[in-house]
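The values are calculated or read from the model by the stated rules, or taken from the named source; none is laboratory data. Just so you know, these numbers come straight off a predicted model, no measurement behind them. Neighbour counts are summed over all protein chains in view; Cβ atoms, including those assigned to glycine, are modelled from backbone coordinates with ideal geometry. Surface areas here come from the heavy atoms of the whole protein model, side chains and all, with no ligands, DNA or RNA. Shrake-Rupley method; radii C 1.70, N 1.55, O 1.52, S 1.80 Å.
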Amino acid sequence: MRAAIGIDIGGTNVRIGLTLELGEILHQSTLTVSDYQDEQTFLKELSDAIREFTAMSQDVEIEGIGIGSPGANVRTGTIENASNLPWEKLEIVVHLNSVTGLPVFLTNDANLFAIAEKVFGHASEMNDFIALTLGTGIGAGIYTSGNLLSGRDGLAGEVGHITYQRNGRPCKCGRHGCLERYASASGVVETTRQLLSEGILISELSGVPTGLLTARMVADAARNDDPLALRVFQVTGEILGEALADLTAAFNPDALFISGGLVNAGEILFRPMQKSFERSLLAIYPMDVPLMKSSIPDQDAGVLGASALVWDQIKKVNESSLTEI
């Protein structure tokens, strides 16, 4: 059996998985980022985890390692200056290649949902689509003409940092008014705080300490017909719909896939998002561009996407070899 190792590096945890070619995850483990402030200590622990997978999997042939991380520079194979990671520069591709002898592929973490959707999900027959991830921030993986759009340094798809409002809310990136400050899970919390401070709408959330407020709490309140929470998701959905219409104008996709924790809000988010999208879409584009919830489970998407990166890259190498012949 053929398998790949997928590594999903996030601001809190690093998830590592051994995945078969059809998407079955055989083994998984997790490292906590805050436990490894030093680059070399982290790389050693990561290498040890991979060796354990190899030892447990004598009956499978591991084809390669795929990695998704913020701050991924695909040209240099390094992870650099990611705002939510403690390492200034992590030479991860060279290191893992040297200790395992396997080919190692690196991409931006925002691409993982798109790759997983392409290899294992509903986008398998699509050449042009966008996978938008709504988490603490917003990221996007973009496929055009069957290829993942990576950009010069592999940093394409930073949709969350498109400016939504000039001189708006401050963003961790150092700019102001970024889309993710309004339409991500953290954006939902900020909008809720803003409306609570205005004191116009009655809400069960008014008694929640500011520092404990979460997007899930707001979604639960909206399901209970809380007027303020419903207003928050109305506003958030409208902003997202406008942004998706803009992305459609730029990339003309077959479909737009939405993933991440905020999607669990369901119709209280999708209904205003769909209406706003249809209202904002440029007239030359057909109205049948679907907004779809991702078919990849959130908890597995990172590992599956990183593993799928291996299959995707090996396929391209093989196709290139056939072309040369």
note = Here the residues of the stretch 256-286 lying in the modelled label zone of S295, meaning backbone nitrogen under 13 Å from a point 7 Å along Cα-to-Cβ, are 257
request  = Could you state the accessible area per residue of the chain in Å², with a 1.4 Å probe and every protein chain left in place?
outcome  = 47 Å²
task = Nearest 5 is fine: what % of DSSP beta bridges in the chain come out antiparallel, could you say?
result = 60 percent
query = Can you give the extra length, in nm with one decimal, that the chain gains between E278 and L201 once fully stretched, where that is 0.36 nm per residue apart less the Cα-Cα distance?
reply = 24.9 nm
ask   = For the chain, what relative contact order do you get, as a whole percent, if you take Cα pairs closer than 8 Å and at least 6 residues apart?
value = 20 percent
key: 10 Å binning of all Cα-Cα separations within the chain, expressed as whole percents from 0 upward   = 6, 25, 32, 23, 11, 2, 0, 0
Net charge dipole size for the chain [Lys, Arg +1 and Asp, Glu -1 on Cβ; Debye, nearest 20] = 820 debye
message = Can you return the lysines within cross-link range of K118? Criterion is Cα-Cα under 28 Å, with same-chain partners fewer than 8 residues away left out.
response = K275, K293, K315, K316
query = Share of the stretch 128-211's accessible area from carbon and sulfur, percent, 1.4 Å?
reply = 51 percent
task = Any lysines with Cα under 18 Å of the K44 Cα? List them, leaving off those in the same chain fewer than 8 positions away.
result = K89
ask   = Given H placed 1.01 Å from N in the peptide plane, which residues other than close sequence neighbours of M292 have an amide H under 5 Å from its amide H?
value = L256, F257, I258
request  = Please arrange K316, K275 by accessible surface area, largest first, computed with a 1.4 Å probe and ligands excluded.
outcome  = K275, K316
query = Between R166 and D35, what FRET efficiency follows from the Cβ-Cβ distance if R0 is 35 Å, with the result rounded to 0.05?
reply = 0.30
ask   = Taking N as the number of residues in the stretch 113-261, what is its Cα Rg relative to 2.2 N^0.38 Å?
value = 1.14
